[in-house]
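Colleague: First, the structure itself, so that you have it in front of you.
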Amino acid sequence: MAEQRTLASGARAFRLSIAGTEHVCDVRPGETILKAGLRDNIKIAHLCLVGDCGSCRSQLVAGRVQLKRDISNHISSDELQAGFVLACQCVPQSDVELIVPGVSPITAKPTRCIRSKGVSKARGFSITTSANS
Ligand code: FES
């Protein structure tokens, strides 16, 4: 999977791919997966944009993300280990691939997860929680 590239503006970006679809877009530095997807007209469900409603729940398949805040109000620790995230609270740290309900076909499958302290790791993804979560 390719890593950060330079946009026409000179900014560096990672790539967001929606599993099982042709949807691919750039994620600008510090931008969340949800904002990048919406800018590119990917129909990711959302209501609040701040991690309160849970409607942007998705599943990370590949890549590394940093969570902006604690999402345990909607995602249990077991679900986090399986790659479930809130797209509005994920800032990519590499190219990422995500299963998005209502966008990805139901045949899209996540990779197997391996538990480790502080970070959810699997063959294909890692989720880092923020320092204050
Ligand atoms: S849009 Fe509400 S939790 Fe993400």
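Colleague: Can you give the Rg to Rh ratio for the range 19-75, taking only C-alpha atoms and Rh from Kirkwood?
Modeller: 0.93
Colleague: Please order Val100, Val61, Val24 by the number of other Cβ within 10 Å, starting at the fewest.
Modeller: Going from sparsest to densest Cβ surroundings: Val24, Val61, Val100.
Colleague: Given H placed on each backbone N at 1.01 Å, which residues far from Gln4 in sequence or on other chains put an amide H within less than 5 Å of it?
Modeller: Asp95
Colleague: State, to one decimal in nm², a quarter of the convex hull surface area for the C-alpha atoms of the range 5-128, i.e. the direction-averaged projected area.
Modeller: Spelled out: convex hull of the Cα atoms, projected over all directions, averaged, 7.2 nm².
Only the coordinates and a few stated rules stand behind these numbers; no lab work does. What you see is a predicted model; the values in this text were computed from it and never measured. Neighbour counts are summed over all protein chains in view; Cβ atoms, including those assigned to glycine, are modelled from backbone coordinates with ideal geometry.
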